[in-house]
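Worksheet: the structure to be examined is printed underneath.
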(Lines give C-alpha, C1' and ligand atoms only; values in the text may rest on other atoms or scores of the structure.)
Protein backbone atom coordinates (compact mmCIF):
# COMPACT_ATOMS: atom_id res chain seq x y z
CA UNK A 1 0.00 0.00 0.00
CA UNK A 2 1.37 3.42 -0.93
CA UNK A 3 1.29 6.09 1.74
CA UNK A 4 -0.22 9.51 1.00
CA UNK A 5 2.18 12.34 0.27
CA UNK A 6 1.26 14.27 3.41
CA UNK A 7 0.08 13.29 6.88
CA UNK A 8 -2.89 14.70 8.79
CA UNK A 9 -2.00 15.89 12.28
CA UNK A 10 -4.33 15.90 15.29
CA UNK A 11 -3.17 18.33 17.99
CA UNK A 12 -4.48 17.67 21.51
CA UNK A 13 -4.83 21.06 23.20
CA UNK A 14 -6.12 20.89 26.76
CA UNK A 15 -8.23 23.67 28.22
CA UNK A 16 -5.67 26.22 29.39
CA UNK A 17 -7.57 26.84 32.61
CA UNK A 18 -6.79 23.33 33.88
CA UNK A 19 -3.49 22.52 32.16
CA UNK A 20 0.14 22.91 33.27
CA UNK A 21 -0.80 22.41 36.92
CA UNK A 22 2.71 21.17 37.75
CA UNK A 23 4.15 24.59 36.95
CA UNK A 24 4.41 26.45 40.24
CA UNK A 25 3.19 29.77 38.92
CA UNK A 26 -0.17 31.40 39.50
CA UNK A 27 -3.14 30.15 37.40
CA UNK A 28 -3.26 33.17 35.08
CA UNK A 29 0.37 32.62 34.10
CA UNK A 30 -0.18 28.90 33.57
CA UNK A 31 -3.07 29.76 31.28
CA UNK A 32 -0.93 32.13 29.23
CA UNK A 33 1.83 29.54 28.98
CA UNK A 34 -0.67 26.93 27.73
CA UNK A 35 -2.05 29.34 25.13
CA UNK A 36 1.45 30.23 23.97
CA UNK A 37 2.53 26.60 23.67
CA UNK A 38 -0.59 25.53 21.79
CA UNK A 39 -0.28 28.43 19.33
CA UNK A 40 3.36 27.59 18.64
CA UNK A 41 2.81 23.85 18.28
CA UNK A 42 -0.14 24.33 15.92
CA UNK A 43 1.72 26.79 13.70
CA UNK A 44 4.79 24.56 13.60
CA UNK A 45 2.69 21.61 12.45
CA UNK A 46 1.09 23.76 9.74
CA UNK A 47 4.55 24.81 8.53
CA UNK A 48 5.91 21.27 8.09
CA UNK A 49 6.23 20.21 4.45
CA UNK A 50 5.06 16.65 5.16
CA UNK A 51 1.89 17.73 6.98
CA UNK A 52 -1.42 18.25 5.24
CA UNK A 53 -4.43 19.25 7.29
CA UNK A 54 -4.09 20.00 11.00
CA UNK A 55 -7.02 19.26 13.33
CA UNK A 56 -7.04 20.77 16.80
CA UNK A 57 -9.12 19.01 19.46
CA UNK A 58 -9.87 21.45 22.27
CA UNK A 59 -12.52 22.75 24.63
CA UNK A 60 -10.65 26.05 25.03
CA UNK A 61 -12.36 28.84 23.08
CA UNK A 62 -9.21 30.97 22.94
CA UNK A 63 -7.15 28.12 21.49
CA UNK A 64 -9.95 27.26 19.05
CA UNK A 65 -10.18 30.81 17.72
CA UNK A 66 -6.41 31.10 17.39
CA UNK A 67 -6.16 27.72 15.64
CA UNK A 68 -8.78 28.70 13.08
CA UNK A 69 -7.03 32.01 12.47
CA UNK A 70 -3.80 30.11 11.82
CA UNK A 71 -5.46 27.84 9.24
CA UNK A 72 -6.11 24.71 11.29
CA UNK A 73 -9.43 22.87 11.61
CA UNK A 74 -11.02 22.82 15.05
CA UNK A 75 -12.68 19.70 16.44
CA UNK A 76 -14.78 20.96 19.38
CA UNK A 77 -14.30 18.87 22.46
CA UNK A 78 -17.21 20.33 24.42
CA UNK A 79 -16.44 19.41 28.00
CA UNK A 80 -12.84 18.21 28.49
CA UNK A 81 -12.67 14.53 27.58
CA UNK A 82 -9.18 13.64 28.73
CA UNK A 83 -6.29 12.90 26.40
CA UNK A 84 -7.32 9.46 25.21
CA UNK A 85 -10.94 10.24 24.42
CA UNK A 86 -9.90 13.53 22.81
CA UNK A 87 -7.37 11.66 20.65
CA UNK A 88 -10.00 9.13 19.62
CA UNK A 89 -12.39 11.97 18.72
CA UNK A 90 -9.72 13.66 16.64
CA UNK A 91 -8.86 10.45 14.83
CA UNK A 92 -12.51 9.74 14.01
CA UNK A 93 -12.99 13.23 12.64
CA UNK A 94 -9.78 13.05 10.62
CA UNK A 95 -10.66 9.70 9.07
CA UNK A 96 -13.87 11.24 7.73
CA UNK A 97 -12.36 14.54 6.62
CA UNK A 98 -9.05 13.14 5.29
CA UNK A 99 -9.83 9.45 4.66
CA UNK A 100 -6.63 8.59 2.77
CA UNK A 101 -4.18 10.30 5.12
CA UNK A 102 -1.98 8.68 7.69
CA UNK A 103 -2.69 10.29 11.06
CA UNK A 104 -0.28 11.68 13.64
CA UNK A 105 -1.56 12.59 17.11
CA UNK A 106 0.53 15.31 18.73
CA UNK A 107 0.53 16.92 22.18
CA UNK A 108 0.32 20.72 22.24
CA UNK A 109 3.13 21.59 24.64
CA UNK A 110 6.31 21.27 22.58
CA UNK A 111 8.16 24.60 22.88
CA UNK A 112 11.24 23.50 20.92
CA UNK A 113 9.36 21.88 18.03
CA UNK A 114 10.57 22.74 14.53
CA UNK A 115 8.85 21.87 11.23
CA UNK A 116 11.89 19.79 10.30
CA UNK A 117 11.31 17.63 13.39
CA UNK A 118 7.92 16.58 12.07
CA UNK A 119 9.24 16.12 8.55
CA UNK A 120 12.00 13.87 9.88
CA UNK A 121 9.63 11.74 11.94
CA UNK A 122 7.17 11.40 9.07
CA UNK A 123 10.06 10.42 6.81
CA UNK A 124 10.99 7.65 9.23
CA UNK A 125 7.36 6.50 9.33
CA UNK A 126 7.31 6.24 5.54
CA UNK A 127 10.56 4.29 5.52
CA UNK A 128 9.56 1.81 8.22
CA UNK A 129 5.85 1.61 7.34
CA UNK A 130 5.02 0.77 10.94
CA UNK A 131 3.01 2.57 13.65
CA UNK A 132 5.45 4.71 15.64
CA UNK A 133 5.49 6.60 18.91
CA UNK A 134 7.80 9.29 20.25
CA UNK A 135 8.67 9.11 23.95
CA UNK A 136 9.17 12.31 25.90
CA UNK A 137 12.60 13.42 27.17
CA UNK A 138 12.12 11.35 30.33
CA UNK A 139 11.42 8.24 28.27
CA UNK A 140 8.17 7.68 30.16
CA UNK A 141 5.44 9.73 28.48
CA UNK A 142 4.42 10.05 24.84
CA UNK A 143 4.38 13.16 22.67
CA UNK A 144 3.37 11.73 19.28
CA UNK A 145 1.68 8.70 17.74
CA UNK A 146 1.52 8.00 14.00
CA UNK A 147 -0.11 5.23 12.00
CA UNK A 148 -1.76 4.73 8.63
CA UNK A 149 -5.49 5.19 8.15
CA UNK A 150 -6.19 1.47 7.68
CA UNK A 151 -4.47 0.18 10.83
CA UNK A 152 -6.66 0.50 13.94
CA UNK A 153 -4.47 1.27 16.93
CA UNK A 154 -5.16 1.89 20.59
CA UNK A 155 -4.36 5.07 22.50
CA UNK A 156 -2.86 5.12 26.00
CA UNK A 157 -1.74 8.62 26.94
CA UNK A 158 -1.16 9.09 30.66
CA UNK A 159 1.30 7.77 33.22
CA UNK A 160 3.73 5.29 31.71
CA UNK A 161 2.30 5.81 28.23
CA UNK A 162 5.56 5.07 26.40
CA UNK A 163 5.52 1.52 27.80
CA UNK A 164 1.80 1.18 27.12
CA UNK A 165 2.08 2.32 23.51
CA UNK A 166 4.86 -0.18 22.90
CA UNK A 167 2.58 -2.90 24.27
CA UNK A 168 -0.21 -1.73 21.94
CA UNK A 169 2.02 -2.37 18.92
CA UNK A 170 3.67 0.97 18.26
CA UNK A 171 7.41 0.96 17.70
CA UNK A 172 9.66 3.65 19.17
CA UNK A 173 10.97 6.26 16.76
CA UNK A 174 14.67 5.72 16.16
CA UNK A 175 15.59 9.26 15.26
CA UNK A 176 16.61 11.48 18.16
CA UNK A 177 14.41 14.51 17.55
CA UNK A 178 14.76 16.82 20.53
CA UNK A 179 11.93 19.16 19.55
CA UNK A 180 9.45 16.27 19.60
CA UNK A 181 10.70 14.90 22.92
CA UNK A 182 10.92 18.04 25.03
CA UNK A 183 7.43 18.73 26.34
CA UNK A 184 6.83 21.38 28.99
CA UNK A 185 5.26 20.04 32.18
CA UNK A 186 7.33 21.10 35.16
CA UNK A 187 9.17 24.10 36.53
CA UNK A 188 12.47 22.39 35.71
CA UNK A 189 11.39 22.06 32.07
CA UNK A 190 10.62 25.78 31.96
CA UNK A 191 13.95 26.74 33.53
CA UNK A 192 15.87 24.74 30.94
CA UNK A 193 13.80 25.88 27.98
CA UNK A 194 15.72 26.77 24.83
CA UNK A 195 12.88 27.42 22.40
CA UNK A 196 14.17 28.22 18.89
CA UNK A 197 11.34 30.72 18.38
CA UNK A 198 12.56 34.06 19.85
CA UNK A 199 9.02 35.37 20.34
CA UNK A 200 8.02 32.25 22.28
CA UNK A 201 11.19 32.33 24.35
CA UNK A 202 10.60 35.98 25.23
CA UNK A 203 6.94 35.44 26.09
CA UNK A 204 7.61 32.49 28.36
CA UNK A 205 10.36 34.44 30.11
CA UNK A 206 7.98 37.32 30.76
CA UNK A 207 5.24 35.02 31.96
CA UNK A 208 7.43 33.16 34.43
CA UNK A 209 9.61 36.03 35.66
CA UNK A 210 7.27 37.30 38.36
CA UNK A 211 6.98 34.05 40.30
CA UNK A 212 9.49 31.51 41.66
CA UNK A 213 9.45 28.18 39.86
CA UNK A 214 10.62 26.01 42.76
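Please specify each residue of region 33-56 satisfying the condition of being closer than 12 Å to residue 111 by Cβ and either in contact with a helix residue (DSSP H, G or I) (Cβ under 9 Å, 6 or more places away or on another chain) or surrounded by fewer than 20 Cβ atoms within 10 Å (Cβ to Cβ) (or both). First the steps, then the outcome.
Narrowing region 33-56 to residues closer than 12 Å to residue 111 by Cβ: 33-34, 36-41, 44.
Listed by number, the residues that qualify are 33, 34, 36, 37, 38, 39, 40, 44.
Just name the residue that is farthest from residue 8 (Cα to Cα) out of those in region 71-80 that are surrounded by 16 or more Cβ atoms within 10 Å (Cβ to Cβ) and over 14 Å from the mean Cα position of the chain (by Cα). Talk me through it step by step, then tell me what you get.
Of region 71-80, the ones surrounded by 16 or more Cβ atoms within 10 Å (Cβ to Cβ) are 72-75, 77, 80.
Right, trim to over 14 Å from the mean Cα position of the chain (by Cα) and you get 73-75, 77, 80.
Numbers: 73: 11, 74: 13, 75: 13, 77: 18, 80: 22 Å.
Out of the qualifying residues, it is 80.
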Subject >> Inter-residue pairs, beta-carbon under 9 Å, first at negative phi and assigned to a helix (DSSP H, G or I) and in region 6-27, second modelled with pLDDT of 75 or more and surrounded by fewer than 24 Cβ atoms within 10 Å (Cβ to Cβ), 6+ apart >> reply: 27/17
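In region 145-158, which residues are under 16 Å from residue 51 (Cα atoms) and either modelled with pLDDT under 90 or in contact with a helix residue (DSSP H, G or I) (Cβ under 6 Å, 6 or more places away or on another chain) (or both)?
Taking region 145-158 as the starting set, the residues that turn out to be under 16 Å from residue 51 (Cα atoms) are 145-149.
Once the filter is applied, which keeps residues that are under 16 Å from residue 51 (Cα atoms) and either modelled with pLDDT under 90 or in contact with a helix residue (DSSP H, G or I) (Cβ under 6 Å, 6 or more places away or on another chain) (or both), region 145-158 yields 146, 149.
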Original post:
Residues in region 61-98 that are at pLDDT 95 or above and assigned to a loop (DSSP other than H, G, I, E, B): how many?
Top reply: 2
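Table: residues versus (1) part of a loop (DSSP other than H, G, I, E, B); (2) surrounded by fewer than 19 Cβ atoms within 10 Å (Cβ to Cβ); (3) touching a helix residue (DSSP H, G or I) at 6+ places or on another chain (Cβ under 8 Å); (4) at pLDDT below 90.
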position	(1), (2), (3), (4)
119	no, yes, no, no
123	no, yes, no, no
127	no, yes, no, no
138	yes, yes, no, yes
163	no, yes, no, no
180	no, no, yes, no
193	yes, yes, yes, yes
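In region 99-117, what count of residues is obtained for those that are in a loop (DSSP other than H, G, I, E, B) and either touching a helix residue (DSSP H, G or I) at 6+ places or on another chain (Cβ under 6 Å) or closer than 19 Å to residue 13 by Cβ (or both)? Walk me through how you get there before you give the answer.
Within region 99-117, the first condition is being in a loop (DSSP other than H, G, I, E, B), and the residues that meet it are 99-102, 108-114.
Subsequent filtering for residues that are either touching a helix residue (DSSP H, G or I) at 6+ places or on another chain (Cβ under 6 Å) or closer than 19 Å to residue 13 by Cβ (or both) retains 108-114.
Residues in region 99-117 being in a loop (DSSP other than H, G, I, E, B) and either touching a helix residue (DSSP H, G or I) at 6+ places or on another chain (Cβ under 6 Å) or closer than 19 Å to residue 13 by Cβ (or both): 7 in total.
The values are calculated or read from the model by the stated rules, or taken from the named source; none is laboratory data. Keep in mind it's a predicted model, so treat the numbers as computed, not measured. Reconstructed Cβ throughout: ideal geometry from the backbone, glycine too, with neighbour counts over all protein chains shown.
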